[in-house]
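Each value in this text was obtained by applying a stated rule to the coordinates, not by laboratory testing. For clarity, every value in this text was computed on a predicted model and none was experimentally measured. All Cβ positions, glycine included, derive from the backbone under ideal geometry; neighbour counts span all protein chains shown.
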Amino acid sequence: MPVRNAEIIGPASSYYVSQRLRLHYVDWGNPGKPLLLLIHGGRDHARSWDWVARDLRRDYHLIAPDLRGHGDSSWVSGGHYTIHEFVLDIARLLEALDDFPVTIIGHSLGGAVSIHYAALFPDRVKKLIAIEGLGPAPQLARELESAKIWDRSLEWIDQVREFSGRQPRRYPSIEAAAQRMLEENSFLSREQANHLTVHGVARNEDGTFSWKFDNYTRIFYPQRWDSEQMRRLWGRITCPTLLMRGAESWASDPAIDGRMAAFPNARLVNVPEAGHWVHHDRLDVFLREVRTFLAE
């Protein structure tokens, strides 16, 4: 049931069903305010948005889902995760909430999901913010597209074989898992890493800790959309769009590589001194840019 007290510290957990999966989301309350959906990236979880949610929650009804295979959402039997299924899950959630048009903020994988949803349902999205959600840079995308379908399929089969033999890594303590997160993103503070880890791990029976996400979410499937199709898809987005990128990220600048031109109504913000996780690395700048954009 949605939380109605705007002064509570944390969100309430809820669940919904998509493709027979029990999927989790958190609700920060304030249902009388405009709906704002926050979609996390790969190997992440809904509570990674907590700092953003605490700042925006009095002005918006904030919902943050755990994507399938992540956080407290179900893993897929067979381990099949594609962008289409992620988009389907978000469509099901938004249909259940039935509060359109919605504003969406997505990071990385969540940014790609947000962009796809806005392209498929342009009349249902009021504004869109995507943090590095455009996928591989054009040169890498062309290399991937040029690979023969049978080679991509064989590579996928090999990946599945490899991952089927893997066991989730076990950490002796939350502190040890948080240290691994700091190694992954040097911009994080110890406090941030601890918070993300507490919500991102599950305790094993032997007292160790493992990440909640399904390792099969890492596998890349052989079917790909070519660059021209992607640009045509992005061209369907009618709402104002803010593309965000960390200036020190590995992600390509979409204004320089030409991808931004595919969006009918978009602008770009490159955030200095930030990597791939802009909303963690420079929270103050991120929130300022978001509030400015949403107020326009």
Problem set entry | Of Leu36, Val160, Gln192, farthest towards positive along the dipole that unit charges on Lys, Arg, Asp, Glu beta carbons give the chain | Leu36
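If eta is 0.890 mPa s and T is 25 °C, what Stokes-Einstein diffusion coefficient results for region 1-141, Kirkwood Rh from Cα pairs, in µm²/s? Don't skip to the answer; put the middle values down first.
Details: Rh = 15.1 Å.
After rounding, the answer is 163 µm²/s.
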Exercise. Volume per residue, Å³, of the convex hull around the alpha-carbon atoms of region 100-144?
Worked result: 65 Å³
Exercise. Can you list the lysines whose alpha carbon is less than 17 Å from that of Lys127, not counting same-chain residues fewer than 8 positions off?
Worked result: Lys33
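Could you tell me which of rounded, prolate or oblate describes region 98-213, using a ≥ b ≥ c as the square roots of the eigenvalues of the alpha-carbon gyration tensor, with rounded for a/c under 1.5 and, failing that, prolate when a/b is larger than b/c and oblate otherwise? Each step should come with its number before you reach the end.
On the way: a/c = 2.08, a/b = 1.22, b/c = 1.71.
Since a/c reaches 1.5 but b/c is at least a/b, the shape of region 98-213 is classed as oblate.
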Problem set entry | Around Met260: net Lys/Arg minus Asp/Glu count, Cβ-Cβ under 9 Å | 0
Problem set entry | Positive dipole terminus of the chain, leading residue within Gly133, Pro264, Gly111 (C-beta point charges) | Pro264
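When only C-alpha pairs under 8 Å and at least 6 residues apart count, what is the relative contact order of the chain, in percent? Walk me through the numbers on the way to the answer.
Values: 539 pairs, mean separation 48.4, N = 296.
Relative contact order here is 16 percent.
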For this session: Could you list Phe209, Phe293 in order of exposure, starting from the residue whose Cβ has the fewest other Cβ atoms within 10 Å?
Result: Phe293, Phe209
Exercise. Can you give the net charge of the other residues whose Cβ lies under 15 Å from the Cβ of Pro122, counting K and R as +1 and D and E as -1?
Worked result: +4
Exercise. In terms of Cα to Cα distance under 20 Å, which lysines are near enough to Lys148, apart from those fewer than 8 places away along the same chain?
Worked result: none
For this session: Set the Förster radius R0 to 25 Å, insert the Cβ-Cβ distance between Arg20 and Arg236 as r into 1/(1 + (r/R0)^6), and round the FRET efficiency to 0.05.
Result: 0.30
Exercise. Thr208 label point, 7 Å along Cα→Cβ, cut-off 11 Å on backbone N: hits in region 151-190?
Worked result: 167-173
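Tell me the net charge near Glu162. Cut-off is 13 Å between Cβ atoms, Glu162 excluded, with +1 for each Lys or Arg and -1 for each Asp or Glu. Write down the numbers at each step before the final one.
Numbers: positive: Arg161, Arg166, Arg218; negative: Glu155, Asp158.
Summing Lys and Arg as +1 and Asp and Glu as -1 gives +1.
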Problem set entry | Dipole-positive endmost among Pro172, His276, Leu182 within region 151-296 (Cβ charges, Cα centre) | His276
